[in-house]
Amino acid sequence: MLLLLCMGNTLKQVYASLFIDENELQIVVGEYFNTRFNIIRTDKVKMDGILDFKINDYDRVVEVISKSIEHTSTKIGASIKKVILVLPAVNFTRYPLRVSVVPNGGILSKKDIAKAISSSLKAKVDVNSMIVNAAVVKYYVNGIATRRLPEKEICDEVLVDIDLLCADKSLCYEYVKAVSDAGLEVLDITLNNYSICKEAVLLEQSLNSNTILLDIGNEHTFMSLLSKGKLVSTEIIYDGLSNLSNAVYNKFHLPKENIDRLVKFNVDYETNYKDDSVFAWNDDNQVNHSITVSELSECVKEPLNSYLDKLLTMCKPIIDSGPTSFFVVGEGSKMETLVNELKDKSGCDVRNYYPDTIGVRDASLCAAFGSFFVYKEKAMLNELNVSCVDIAEYDQTVDQKKVDIEGESITTKIKKMFELYRDEEV
């Protein structure tokens, strides 16, 4: 969704992001090459040892991270040495400040902006908070305000509005330590809510109206307010799709591995085929059972309404304050009925996140994928040329695959095609 530019002075960088999303570990590996971006691989692994974002089985978490990274490294043919770590925005706080910079030589450069951001990180925040991201909101150059980097402008002074985005310090340190103990270097850290905003370009869309970002998972929902181009606040609601799945299981005792899919893709209050069966199964006594669209939809109606009412109660002051829209990501965005019901109940515009990048067409990977764009800005300002994998090893793997693919597709396949055509003529 963002304009992709070449990072730094080299044509290629390979990045790996790691995000512990509830009880799931997500790994996304992507390559910037000659102004183009490609997803190399994505992996989602079940993660146990974490409860309500707190690590309660440290050794198990380290083990899962280590084995998962090793598996991904094997699949891409290169060792992952570093990761961009995505942290959950627990106890999120924002500290706005304005920094003054005097350009070297009277001409503004990227280094001057990098210096301003670096100085902002020295600001004092709450003792229980940790600065994770420094988001540039606006520049003031020669009396003119702009959101774009005013590089090479001639001026005596530049004022930079910066929002320091913070999260729970102890949780951040705990996650970073676990990743380090898994044998990885943490290249950078970013918050999940900020990463989503960068990937979906939500900050720019909130300049003239309020945007409520809903990152709906199975156990938790991150609700963030964006206004005037800023990520203002984030609250965590300990409720999600699992309540809907539990209602179906308690009533029908379906196999649990099938319930999540049914809830997300088969609940429908507007269909003309309400009596059609959507799932059939045998119980332990080999008795046949089936469930219709109507039965499934009615089963989740009460917990779904309760969940949406809870959201709208919290959002009412925002909606009443002016034009407001919702943006839904995460597992919840896959449930069209949830999105439609939210639109009907709120009376607001509700947009669903549809990833359009090949390789990450999964709404739950938005934060992991968005971390690339967060780091991209930092790398451009500081002229960093860093990759998360062993580039020599990666290039060797890619070159070998090119030889194999080209040899088969261009030479062997054409020969086989002519041989087949010749045999048919005979």
Seminar exercise, completed: Counting only residues in region 90-101 that are over 15 Å from residue 135 (Cα atoms) and under 27 Å from the mean Cα position of the chain (by Cα), the one most open to solvent (accessible area, probe 1.4 Å) is identified as 91
For this session: Starting from residues that are over 18 Å from residue 307 (Cβ atoms) and in contact with a helix residue (DSSP H, G or I) (Cβ under 6 Å, 6 or more places away or on another chain), keep the ones in region 320-353 and report whichever is modelled with the highest pLDDT.
Result: 324
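Residues checked against (1) of a type in the set (S, T, N, Q); (2) in contact with an Asp or Glu (Cβ under 7 Å, 6 or more places away or on another chain); (3) open to solvent by less than 70 Å² (accessible area, probe 1.4 Å):
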{"site": "249", "(1), (2), (3)": "no, no, no"}
{"site": "261", "(1), (2), (3)": "no, no, no"}
{"site": "269", "(1), (2), (3)": "no, no, yes"}
{"site": "274", "(1), (2), (3)": "no, no, no"}
{"site": "282", "(1), (2), (3)": "yes, no, no"}
{"site": "285", "(1), (2), (3)": "yes, no, no"}
For this session: Filter region 158-185 down to residues that are touching a Phe, Trp or Tyr at 6+ places or on another chain (Cβ under 9 Å), among the hydrophobic types (A, V, I, L, M, F, W, C) and surrounded by fewer than 17 Cβ atoms within 10 Å (Cβ to Cβ), then give me how many there are.
Result: 1
Seminar exercise, completed: Log entry, pairs with first residue in region 26-40 being outside any strand (DSSP E or B), second being open to solvent by 30 Å² or more (accessible area, probe 1.4 Å) and at pLDDT below 75, beta carbons closer than 8 Å, six or more apart or on different chains, reads 34/6; 34/11; 35/4; 35/5; 35/6
Exercise. Here are some conditions: (1) farther than 27 Å from residue 217 by Cβ; (2) modelled with pLDDT of 95 or more; (3) open to solvent by less than 10 Å² (accessible area, probe 1.4 Å). Residue 139 meets all but one. Which one does it not meet?
Worked result: (3)
Exercise. Residues in region 318-338: is at least one more than 20 Å from residue 224 (Cα to Cα) and open to solvent by 60 Å² or more (accessible area, probe 1.4 Å)?
Worked result: yes
For this session: Would you point out the residue of region 374-386, among those that are surrounded by 20 or more Cβ atoms within 10 Å (Cβ to Cβ) and touching a helix residue (DSSP H, G or I) at 6+ places or on another chain (Cβ under 9 Å), that is farthest from residue 81 (Cα to Cα)?
Result: 381
Problem set entry | Members of region 53-78 that are more than 16 Å from residue 181 (Cα to Cα) and under 23 Å from the mean Cα position of the chain (by Cα) | 53, 54, 71, 72, 73, 75, 76
Seminar exercise, completed: Only unsatisfied item for residue 78, checking (1) assigned to a loop (DSSP other than H, G, I, E, B); (2) modelled with pLDDT under 95; (3) over 30 Å from residue 394 (Cβ atoms), is (3)
Exercise. Can you pull out the strands (runs of 3 or more DSSP E) entirely within region 246-354 that have at least 2 residues that are free of Cβ contacts under 8 Å to residues at least 24 places away in the same chain?
Worked result: 277-282, 288-292
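Using the structure shown, decide if residue 63 is of a type outside the set (S, T, N, Q), closer than 21 Å to residue 355 by Cα and either open to solvent by 20 Å² or more (accessible area, probe 1.4 Å) or modelled with pLDDT under 95 (or both). If you could, list the steps in order and put the result at the bottom.
Details: of a type outside the set (S, T, N, Q): yes; closer than 21 Å to residue 355 by Cα: no; either open to solvent by 20 Å² or more (accessible area, probe 1.4 Å) or modelled with pLDDT under 95 (or both): yes.
Answer is no for this residue.
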Seminar exercise, completed: Picking from 80, 131, 76, 84, the residue that is open to solvent by 20 Å² or more (accessible area, probe 1.4 Å) and either in contact (Cβ under 8 Å) with a residue 12 or more places away in the chain or closer than 16 Å to residue 230 by Cβ (or both) would be 131
Exercise. In region 186-199, what residues are of a type outside the set (D, E, K, R) and either crowded, with 24+ Cβ neighbours inside 10 Å or farther than 30 Å from residue 70 by Cα (or both)?
Worked result: 190, 191, 192, 193, 194, 195, 196, 197
Exercise. How many of the residues making up region 113-127 are outside any helix (DSSP H, G or I) and either of a type in the set (A, V, I, L, M, F, W, C) or in contact with a Cys (Cβ under 9 Å, 6 or more places away or on another chain) (or both)?
Worked result: 5
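Can you spot a residue in region 353-374 that is over 21 Å from the mean Cα position of the chain (by Cα) and among the hydroxyl-bearing types (Ser, Thr, Tyr)?
Pass one, region 353-374, residues over 21 Å from the mean Cα position of the chain (by Cα): none.
No, because not a single residue in region 353-374 is over 21 Å from the mean Cα position of the chain (by Cα) and among the hydroxyl-bearing types (Ser, Thr, Tyr).
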Seminar exercise, completed: residue 45: passes all of (1) in contact (Cβ under 8 Å) with a residue 60 or more places away in the chain; (2) touching a Ser or Thr at 6+ places or on another chain (Cβ under 6 Å) but (1)
Seminar exercise, completed: Residue set 115, 122; condition without any contact (Cβ under 8 Å) to a residue 12 or more places away in the chain, out of contact with any Asp or Glu (no Cβ under 6 Å at 6 or more places or on another chain) and of a type in the set (Lys, Arg); output residue 122
Seminar exercise, completed: Of (1) in contact with a strand residue (DSSP E or B) (Cβ under 9 Å, 6 or more places away or on another chain); (2) outside any loop (DSSP other than H, G, I, E, B); (3) loosely packed, with under 12 Cβ neighbours inside 10 Å, residue 148 fails just (2)
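The values are calculated or read from the model by the stated rules, or taken from the named source; none is laboratory data. In this text, all values refer to a predicted model and were calculated from it rather than measured experimentally. For neighbour counting, all protein chains shown are included, and Cβ atoms are generated from backbone atoms with ideal geometry for every residue, glycine included. Protein only, heavy atoms only, side chains kept; ligands, DNA and RNA dropped before computing areas. Shrake-Rupley method; radii C 1.70, N 1.55, O 1.52, S 1.80 Å.
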